[in-house]
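Some notes on the structure that comes next.
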C-alpha cells in the first residue's frame, strides 16, 4: 500500500467515524433536570434511611466487671491446686 492510499484510507475512516459521533455541543449542554426522578430518588433515600434506623438496634453492652479475656484459659495449668497453697515444711499435719 502506498503512502497516498494509506492517507486516503485514514481520511475515509476519520470521516465515517465523525458522522457517527454525536456533536460536541450536544454532549456539552447539561440535560434538562427531571423533577420526578429527583423526587423519587429523595423518597427512596429517606425510606432506606428510616428502614436502616428501625432495623439497627444496638445490643446492650455487658458490664466491664463480667468481661473475661479470651486468653484466660491459658492461665489454667495442670496441677494449679498445688500452686494455690504453701507446703508445710515443719511436718505439722493438720
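With a ≥ b ≥ c the root eigenvalues of the C-alpha gyration tensor of the chain, is it rounded (a/c under 1.5), prolate (a/b larger than b/c) or oblate?
It comes out oblate by the Cα gyration axes.
What's the exposure ranking of 90, 38, going from fewest to most Cβ atoms within 10 Å?
Exposure proxy ranking, most exposed first: 90, 38.
By how many degrees, 0 to 90 and rounded to 10, does the Cα axis of helix 35-55 deviate from the longest principal axis of the chain?
10
Ignoring everything except DSSP H segments at least 4 long, calculate the 222 nm mean residue ellipticity for the chain; use -39,500 (n - 2.57) per segment, divide by total residues, nearest 500.
Calculated mean residue ellipticity at 222 nm is -16000 deg cm²/dmol.
Report the residue, chosen from 54, 21, 42, that carries the largest GNM mean-square fluctuation when the chain is represented by alpha-carbon nodes joined by springs under 10 Å.
Among 54, 21, 42, the largest mean-square fluctuation in the Gaussian network model of the chain belongs to 21.
From the Cα gyration tensor of segment 1-49, with a ≥ b ≥ c the square roots of its eigenvalues, which class applies: rounded if a/c is under 1.5, or else prolate if a/b is larger than b/c, or else oblate?
prolate
Length gain on complete extension for the stretch residue 53 to residue 68, per 0.36 nm per residue less the alpha carbon to alpha carbon distance?
Working it through step by step, the gained length comes to 2.3 nm.
Since every read-out is calculated from the coordinates, none of them should be taken as a lab result. The shown structure was predicted, so the numbers you read here are calculated from the model rather than taken from an experiment. We place every Cβ from the backbone using ideal geometry, glycine too, and count neighbours over all the protein chains shown.
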